[in-house]
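The values are calculated or read from the model by the stated rules, or taken from the named source; none is laboratory data. Given the structure is predicted, the values throughout are model-derived calculations rather than measurements. Glycine also receives a Cβ, built like all others from the backbone with ideal geometry; neighbour counts cover every protein chain displayed. Please note that ligands, DNA and RNA were not included when accessible areas were found on the heavy atoms of the full protein model with its side chains. Shrake-Rupley method; radii C 1.70, N 1.55, O 1.52, S 1.80 Å.
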Amino acid sequence: MEEHRIYSRDFKEKAIKLVLEKNRFKAAKELGIAHSIVYRWYEAYKKFGEESFYMKHVRNPEQKRFSEQKRTLQKKLRDSEIQVEIFKKASKHIVAGKPMIFHFIEDNLDTYPLWKMCKALGILTGTYHKWKSQEKSPRQQQTNLLEQEITSIFYEYKERYGNIRISEELKSKGIKLSPCQVTFYMKKLGLVSKLGRRNKSKFSSPFIPYNPCIFPNILDRQFNVERPSQVWVSAITSIETVTGLVFLTIIMDLFDRKIIGWSLSDGRTIRETSIPAWEMAAQDRRIETRLLFHSDRGPQYANKAFTRRLASYKSVKRSMSRPGNHLDNAIPRKLFSTLKSELARSSNPLTKEQIEEIIIAYSGNHTESTHRV
(Lines give C-alpha, C1' and ligand atoms only; values in the text may rest on other atoms or scores of the structure.)
Protein backbone atom coordinates (compact mmCIF):
# COMPACT_ATOMS: atom_id res chain seq x y z
CA MET A 1 0.00 0.00 0.00
CA GLU A 2 1.03 3.58 -0.57
CA GLU A 3 1.62 4.40 3.08
CA HIS A 4 4.42 1.76 3.22
CA ARG A 5 6.24 3.09 0.16
CA ILE A 6 9.71 4.42 0.76
CA TYR A 7 10.47 7.56 -1.28
CA SER A 8 13.98 8.46 -2.27
CA ARG A 9 15.67 11.72 -1.39
CA ASP A 10 15.61 12.83 -5.05
CA PHE A 11 11.86 12.23 -5.18
CA LYS A 12 11.30 14.32 -2.06
CA GLU A 13 13.50 17.13 -3.40
CA LYS A 14 11.49 17.10 -6.63
CA ALA A 15 8.26 17.30 -4.63
CA ILE A 16 9.49 20.28 -2.57
CA LYS A 17 10.66 22.03 -5.74
CA LEU A 18 7.20 21.63 -7.27
CA VAL A 19 5.58 22.95 -4.09
CA LEU A 20 7.78 26.05 -4.20
CA GLU A 21 7.09 26.60 -7.89
CA LYS A 22 3.35 25.82 -7.77
CA ASN A 23 1.59 24.50 -4.65
CA ARG A 24 1.29 21.23 -2.77
CA PHE A 25 -1.99 20.22 -4.41
CA LYS A 26 -0.59 20.53 -7.94
CA ALA A 27 2.66 18.86 -6.86
CA ALA A 28 0.80 15.91 -5.34
CA LYS A 29 -1.37 15.51 -8.44
CA GLU A 30 1.62 15.65 -10.77
CA LEU A 31 3.57 13.10 -8.69
CA GLY A 32 0.56 10.86 -8.08
CA ILE A 33 0.71 10.90 -4.29
CA ALA A 34 -1.57 12.19 -1.54
CA HIS A 35 -1.27 15.91 -0.86
CA SER A 36 -1.01 15.17 2.91
CA ILE A 37 2.32 13.44 2.27
CA VAL A 38 3.62 16.44 0.33
CA TYR A 39 2.39 18.71 3.09
CA ARG A 40 4.31 16.66 5.71
CA TRP A 41 7.50 16.81 3.65
CA TYR A 42 7.13 20.57 3.14
CA GLU A 43 6.61 21.21 6.87
CA ALA A 44 9.70 19.11 7.65
CA TYR A 45 11.64 21.04 5.01
CA LYS A 46 10.66 24.38 6.59
CA LYS A 47 11.75 23.11 10.00
CA PHE A 48 14.92 21.12 9.20
CA GLY A 49 15.93 22.30 5.75
CA GLU A 50 17.61 19.82 3.43
CA GLU A 51 18.34 17.53 6.39
CA SER A 52 14.68 16.49 6.32
CA PHE A 53 15.41 14.53 3.08
CA TYR A 54 17.64 12.06 4.92
CA MET A 55 16.28 8.87 6.44
CA LYS A 56 15.52 9.06 10.16
CA HIS A 57 18.21 6.55 11.17
CA VAL A 58 20.90 8.75 9.53
CA ARG A 59 20.22 11.68 11.89
CA ASN A 60 22.02 10.63 15.05
CA PRO A 61 21.81 12.61 18.34
CA GLU A 62 24.89 14.66 17.48
CA GLN A 63 23.35 15.68 14.16
CA LYS A 64 20.11 16.60 15.91
CA ARG A 65 21.97 18.76 18.44
CA PHE A 66 23.89 20.46 15.65
CA SER A 67 20.65 21.05 13.75
CA GLU A 68 19.03 22.66 16.82
CA GLN A 69 22.05 24.94 17.35
CA LYS A 70 21.98 25.90 13.70
CA ARG A 71 18.30 26.87 13.84
CA THR A 72 18.89 28.83 17.08
CA LEU A 73 21.78 30.79 15.53
CA GLN A 74 19.78 31.47 12.37
CA LYS A 75 16.90 32.81 14.47
CA LYS A 76 19.26 35.06 16.47
CA LEU A 77 20.79 36.32 13.22
CA ARG A 78 17.35 37.16 11.81
CA ASP A 79 16.41 38.96 15.04
CA SER A 80 19.67 40.95 14.98
CA GLU A 81 19.12 41.96 11.35
CA ILE A 82 15.58 43.14 12.17
CA GLN A 83 16.82 45.15 15.18
CA VAL A 84 19.51 46.85 13.06
CA GLU A 85 16.88 47.63 10.41
CA ILE A 86 14.55 49.14 13.04
CA PHE A 87 17.35 51.20 14.58
CA LYS A 88 18.39 52.61 11.18
CA LYS A 89 14.83 53.64 10.33
CA ALA A 90 14.32 55.25 13.75
CA SER A 91 17.70 57.03 13.95
CA LYS A 92 16.34 60.46 13.00
CA HIS A 93 13.56 60.08 15.57
CA ILE A 94 15.89 59.02 18.39
CA VAL A 95 17.72 62.38 18.47
CA ALA A 96 14.35 64.15 18.82
CA GLY A 97 13.52 62.48 22.16
CA LYS A 98 11.06 59.90 23.48
CA PRO A 99 7.83 61.44 22.06
CA MET A 100 9.14 61.08 18.51
CA ILE A 101 10.29 57.50 19.26
CA PHE A 102 6.78 56.64 20.45
CA HIS A 103 5.30 58.11 17.24
CA PHE A 104 7.75 56.02 15.18
CA ILE A 105 6.67 52.85 17.03
CA GLU A 106 3.00 53.68 16.48
CA ASP A 107 3.53 54.28 12.75
CA ASN A 108 5.36 50.95 12.25
CA LEU A 109 3.19 48.52 14.21
CA ASP A 110 2.00 46.98 10.93
CA THR A 111 5.62 46.29 9.90
CA TYR A 112 7.34 45.11 13.11
CA PRO A 113 6.15 43.49 16.36
CA LEU A 114 5.90 45.96 19.25
CA TRP A 115 8.30 44.07 21.51
CA LYS A 116 10.99 43.96 18.82
CA MET A 117 10.82 47.73 18.23
CA CYS A 118 10.89 48.42 21.97
CA LYS A 119 13.90 46.11 22.40
CA ALA A 120 15.80 47.70 19.50
CA LEU A 121 15.10 51.26 20.74
CA GLY A 122 15.66 50.61 24.44
CA ILE A 123 12.03 51.30 25.41
CA LEU A 124 9.94 49.20 27.79
CA THR A 125 6.66 48.04 26.27
CA GLY A 126 4.92 49.23 29.43
CA THR A 127 6.32 52.73 28.86
CA TYR A 128 4.86 52.79 25.36
CA HIS A 129 1.46 51.59 26.59
CA LYS A 130 1.51 54.25 29.31
CA TRP A 131 2.21 56.94 26.68
CA LYS A 132 -0.52 55.50 24.47
CA SER A 133 -3.04 55.59 27.32
CA GLN A 134 -2.34 59.28 27.87
CA GLU A 135 -3.81 60.27 24.51
CA LYS A 136 -5.85 63.43 24.83
CA SER A 137 -9.58 63.24 25.47
CA PRO A 138 -12.05 65.42 23.48
CA ARG A 139 -12.12 67.85 26.44
CA GLN A 140 -8.32 68.08 26.47
CA GLN A 141 -8.28 68.59 22.71
CA GLN A 142 -10.78 71.45 23.09
CA THR A 143 -8.64 72.99 25.84
CA ASN A 144 -5.54 72.76 23.64
CA LEU A 145 -7.44 74.39 20.77
CA LEU A 146 -8.45 77.32 23.01
CA GLU A 147 -4.89 77.70 24.25
CA GLN A 148 -3.58 77.75 20.68
CA GLU A 149 -6.15 80.38 19.62
CA ILE A 150 -5.37 82.62 22.61
CA THR A 151 -1.62 82.27 22.07
CA SER A 152 -1.97 82.97 18.35
CA ILE A 153 -4.01 86.16 18.96
CA PHE A 154 -1.61 87.29 21.71
CA TYR A 155 1.46 87.12 19.46
CA GLU A 156 -0.40 88.28 16.33
CA TYR A 157 -1.01 91.61 18.07
CA LYS A 158 2.58 91.93 19.31
CA GLU A 159 1.82 90.89 22.91
CA ARG A 160 -0.34 94.01 23.42
CA TYR A 161 -3.78 92.44 23.83
CA GLY A 162 -5.12 91.66 27.29
CA ASN A 163 -8.01 89.46 28.41
CA ILE A 164 -10.82 91.79 27.21
CA ARG A 165 -9.48 92.31 23.69
CA ILE A 166 -8.58 88.65 23.26
CA SER A 167 -12.11 87.72 24.39
CA GLU A 168 -13.57 90.06 21.75
CA GLU A 169 -11.27 88.66 19.07
CA LEU A 170 -12.31 85.10 19.96
CA LYS A 171 -15.98 86.15 19.77
CA SER A 172 -15.42 87.42 16.21
CA LYS A 173 -14.15 83.90 15.37
CA GLY A 174 -17.23 82.26 16.84
CA ILE A 175 -15.61 81.24 20.15
CA LYS A 176 -17.44 82.43 23.27
CA LEU A 177 -15.00 82.90 26.14
CA SER A 178 -15.41 85.49 28.89
CA PRO A 179 -12.51 87.80 29.89
CA CYS A 180 -12.26 85.92 33.21
CA GLN A 181 -11.84 82.63 31.36
CA VAL A 182 -9.25 84.21 29.05
CA THR A 183 -7.36 85.45 32.13
CA PHE A 184 -7.25 81.87 33.47
CA TYR A 185 -5.73 80.57 30.22
CA MET A 186 -3.29 83.48 29.93
CA LYS A 187 -1.95 82.80 33.43
CA LYS A 188 -1.64 79.11 32.62
CA LEU A 189 0.30 79.91 29.42
CA GLY A 190 2.41 82.64 31.02
CA LEU A 191 1.08 85.35 28.66
CA VAL A 192 1.24 88.90 30.07
CA SER A 193 0.32 91.93 27.97
CA LYS A 194 3.10 94.48 27.48
CA LEU A 195 0.63 97.30 28.11
CA GLY A 196 -0.47 95.66 31.33
CA ARG A 197 3.13 95.37 32.55
CA ARG A 198 3.83 98.98 31.62
CA ASN A 199 0.74 100.34 33.36
CA LYS A 200 1.36 98.35 36.53
CA SER A 201 4.95 99.50 36.79
CA LYS A 202 3.97 103.12 36.15
CA PHE A 203 0.90 103.57 38.31
CA SER A 204 1.19 100.96 41.02
CA SER A 205 3.53 98.81 43.03
CA PRO A 206 2.11 95.33 42.55
CA PHE A 207 2.80 92.60 45.03
CA ILE A 208 5.18 90.05 43.56
CA PRO A 209 4.90 86.72 45.40
CA TYR A 210 8.07 84.90 46.39
CA ASN A 211 8.99 82.14 43.95
CA PRO A 212 11.57 79.64 45.28
CA CYS A 213 12.26 78.55 41.68
CA ILE A 214 13.76 81.93 40.71
CA PHE A 215 17.58 82.03 40.76
CA PRO A 216 20.08 84.92 40.59
CA ASN A 217 22.03 85.83 37.46
CA ILE A 218 25.26 83.96 38.19
CA LEU A 219 26.34 83.86 34.52
CA ASP A 220 26.35 87.68 34.37
CA ARG A 221 26.92 87.73 30.58
CA GLN A 222 30.19 85.75 30.81
CA PHE A 223 29.50 83.92 27.54
CA ASN A 224 33.04 82.65 26.83
CA VAL A 225 33.80 79.30 28.49
CA GLU A 226 36.83 77.00 28.37
CA ARG A 227 35.39 73.48 28.30
CA PRO A 228 32.28 71.54 27.25
CA SER A 229 29.37 71.18 29.69
CA GLN A 230 30.56 74.15 31.73
CA VAL A 231 27.63 76.44 30.84
CA TRP A 232 24.38 75.54 29.07
CA VAL A 233 21.90 78.27 28.10
CA SER A 234 18.25 77.84 27.11
CA ALA A 235 15.43 79.92 25.60
CA ILE A 236 12.02 79.58 23.93
CA THR A 237 10.60 81.30 20.84
CA SER A 238 7.50 81.03 18.66
CA ILE A 239 7.49 80.17 14.93
CA GLU A 240 4.61 80.63 12.49
CA THR A 241 3.52 77.56 10.49
CA VAL A 242 0.71 76.84 8.05
CA THR A 243 -1.42 75.55 10.94
CA GLY A 244 -0.54 78.23 13.50
CA LEU A 245 2.19 78.93 16.03
CA VAL A 246 4.61 76.32 17.32
CA PHE A 247 7.16 76.82 20.07
CA LEU A 248 10.86 76.02 19.79
CA THR A 249 12.85 75.33 22.97
CA ILE A 250 16.63 74.99 22.65
CA ILE A 251 19.54 74.23 24.98
CA MET A 252 22.98 75.34 23.80
CA ASP A 253 26.46 74.57 25.13
CA LEU A 254 28.37 77.88 25.26
CA PHE A 255 31.67 76.09 24.64
CA ASP A 256 31.00 75.41 20.95
CA ARG A 257 27.63 77.21 20.64
CA LYS A 258 25.99 73.96 19.47
CA ILE A 259 22.32 73.08 20.03
CA ILE A 260 22.48 69.92 22.15
CA GLY A 261 18.79 69.72 23.06
CA TRP A 262 15.57 71.04 21.54
CA SER A 263 11.81 70.57 21.40
CA LEU A 264 9.25 71.80 18.84
CA SER A 265 5.78 71.76 20.38
CA ASP A 266 2.24 72.99 19.79
CA GLY A 267 1.90 74.14 23.40
CA ARG A 268 4.04 75.86 26.02
CA THR A 269 3.61 73.47 28.93
CA ILE A 270 6.63 72.24 30.86
CA ARG A 271 6.33 68.70 29.49
CA GLU A 272 6.32 70.04 25.91
CA THR A 273 9.18 72.55 26.20
CA SER A 274 11.89 72.64 28.86
CA ILE A 275 11.77 69.02 30.09
CA PRO A 276 12.07 67.20 26.70
CA ALA A 277 14.77 69.67 25.61
CA TRP A 278 16.71 68.95 28.82
CA GLU A 279 16.36 65.18 28.39
CA MET A 280 17.80 65.40 24.88
CA ALA A 281 20.70 67.60 26.03
CA ALA A 282 21.52 65.32 28.98
CA GLN A 283 21.56 62.34 26.62
CA ASP A 284 23.69 64.14 24.02
CA ARG A 285 26.44 65.37 26.37
CA ARG A 286 27.88 64.09 29.59
CA ILE A 287 27.26 66.45 32.49
CA GLU A 288 30.57 67.24 34.12
CA THR A 289 31.04 68.69 37.58
CA ARG A 290 29.75 72.23 38.17
CA LEU A 291 27.50 72.69 35.16
CA LEU A 292 25.76 76.09 35.14
CA PHE A 293 22.32 76.11 33.50
CA HIS A 294 21.15 79.61 32.50
CA SER A 295 17.69 80.64 31.24
CA ASP A 296 15.15 83.43 31.52
CA ARG A 297 12.51 83.54 34.27
CA GLY A 298 9.68 82.13 32.16
CA PRO A 299 7.19 79.68 33.71
CA GLN A 300 8.72 76.84 31.70
CA TYR A 301 11.91 77.19 33.79
CA ALA A 302 10.75 78.77 37.07
CA ASN A 303 8.62 75.86 38.26
CA LYS A 304 8.91 73.01 40.74
CA ALA A 305 8.87 70.16 38.22
CA PHE A 306 11.80 71.48 36.16
CA THR A 307 13.68 72.59 39.28
CA ARG A 308 13.38 69.09 40.77
CA ARG A 309 14.56 67.55 37.49
CA LEU A 310 17.75 69.63 37.48
CA ALA A 311 18.25 69.23 41.23
CA SER A 312 18.44 65.45 40.72
CA TYR A 313 21.80 66.17 39.04
CA LYS A 314 23.92 67.14 42.05
CA SER A 315 26.46 69.03 39.93
CA VAL A 316 23.98 71.40 38.19
CA LYS A 317 23.68 75.00 39.38
CA ARG A 318 20.95 77.39 38.18
CA SER A 319 21.22 80.92 36.80
CA MET A 320 18.49 83.21 35.41
CA SER A 321 18.35 86.49 33.52
CA ARG A 322 17.26 89.61 35.37
CA PRO A 323 13.65 90.75 34.84
CA GLY A 324 13.13 92.39 31.43
CA ASN A 325 16.85 92.17 30.56
CA HIS A 326 17.11 90.27 27.25
CA LEU A 327 20.87 90.83 26.94
CA ASP A 328 21.43 88.46 29.86
CA ASN A 329 20.47 85.64 27.48
CA ALA A 330 21.73 87.15 24.24
CA ILE A 331 23.32 84.04 22.69
CA PRO A 332 20.18 81.92 22.11
CA ARG A 333 18.27 85.09 21.12
CA LYS A 334 20.85 85.76 18.43
CA LEU A 335 20.50 82.16 17.20
CA PHE A 336 16.70 82.53 17.03
CA SER A 337 17.11 85.65 14.91
CA THR A 338 19.42 83.82 12.47
CA LEU A 339 17.15 80.77 12.28
CA LYS A 340 14.02 82.83 11.65
CA SER A 341 15.82 84.74 8.89
CA GLU A 342 16.54 81.43 7.17
CA LEU A 343 12.95 80.24 7.61
CA ALA A 344 11.65 83.55 6.23
CA ARG A 345 13.31 82.82 2.87
CA SER A 346 10.38 80.55 2.07
CA SER A 347 7.57 82.46 0.31
CA ASN A 348 4.89 80.51 2.21
CA PRO A 349 4.73 79.35 5.85
CA LEU A 350 6.22 75.89 6.36
CA THR A 351 4.63 72.88 8.01
CA LYS A 352 5.73 71.72 11.45
CA GLU A 353 7.39 68.65 9.89
CA GLN A 354 9.40 70.82 7.47
CA ILE A 355 10.56 73.04 10.33
CA GLU A 356 11.58 69.95 12.32
CA GLU A 357 13.77 68.78 9.42
CA ILE A 358 15.41 72.22 9.19
CA ILE A 359 16.09 72.32 12.93
CA ILE A 360 17.58 68.80 12.90
CA ALA A 361 19.96 69.81 10.09
CA TYR A 362 20.60 73.19 11.70
CA SER A 363 21.41 71.76 15.13
CA GLY A 364 23.76 69.24 13.56
CA ASN A 365 25.79 71.76 11.57
CA HIS A 366 25.47 75.00 13.52
CA THR A 367 28.35 76.33 15.57
CA GLU A 368 29.34 79.82 16.61
CA SER A 369 32.65 78.98 18.23
CA THR A 370 34.38 81.64 16.13
CA HIS A 371 31.73 84.29 16.74
CA ARG A 372 31.88 85.09 20.42
CA VAL A 373 29.64 87.75 21.93
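Where does the Debye-calculated log10 I(q)/I(0) of the stretch 233-292 sit at q = 0.19, 0.31 Å⁻¹, using only Cα point scatterers of equal weight, no solvent? So the normalised log intensities are -0.67, -1.27. Restricted to Cα atoms, the stretch 63-118 shows a radius of gyration and a Dmax of 15.0, 50 angstrom. Helical content alone sets the calculated 222 nm signal of the chain at -16500 deg cm²/dmol, taking -39,500 (n - 2.57) per DSSP H segment of four or more residues and averaging over every residue.
Calculated accessible area for the chain comes out at 62 Å² per residue, all protein chains present (probe 1.4 Å; ligands, DNA, RNA ignored). With both residues required to sit in the chain, DSSP beta bridges show an antiparallel share near 70%.
Of the solvent-accessible surface of the chain, computed with a 1.4 Å probe and all protein chains present, 53% belongs to carbon and sulfur.
Could you tell me the convex hull volume per residue, in Å³, taken over the Cα atoms of the stretch 73-173?
On the way: hull volume 14.1 nm³, N = 101.
Hull volume over Cα atoms, normalised by residue count, gives 139 Å³.
Note on the chain: semi-axes of the ellipsoid equivalent to its C-alpha gyration tensor, largest first and rounded to whole Å, are 62, 26, 18.
Using +1 at the C-beta of Lys and Arg and -1 at the C-beta of Asp and Glu, which of GLN141, THR125, ASN108 has the Cα lying farthest in the positive direction of the dipole of the stretch 77-188? Towards the positive end, the residue furthest out is GLN141.
Hull volume per residue, based on the alpha-carbon atoms of the stretch 263-353 and their convex hull, is 128 Å³.
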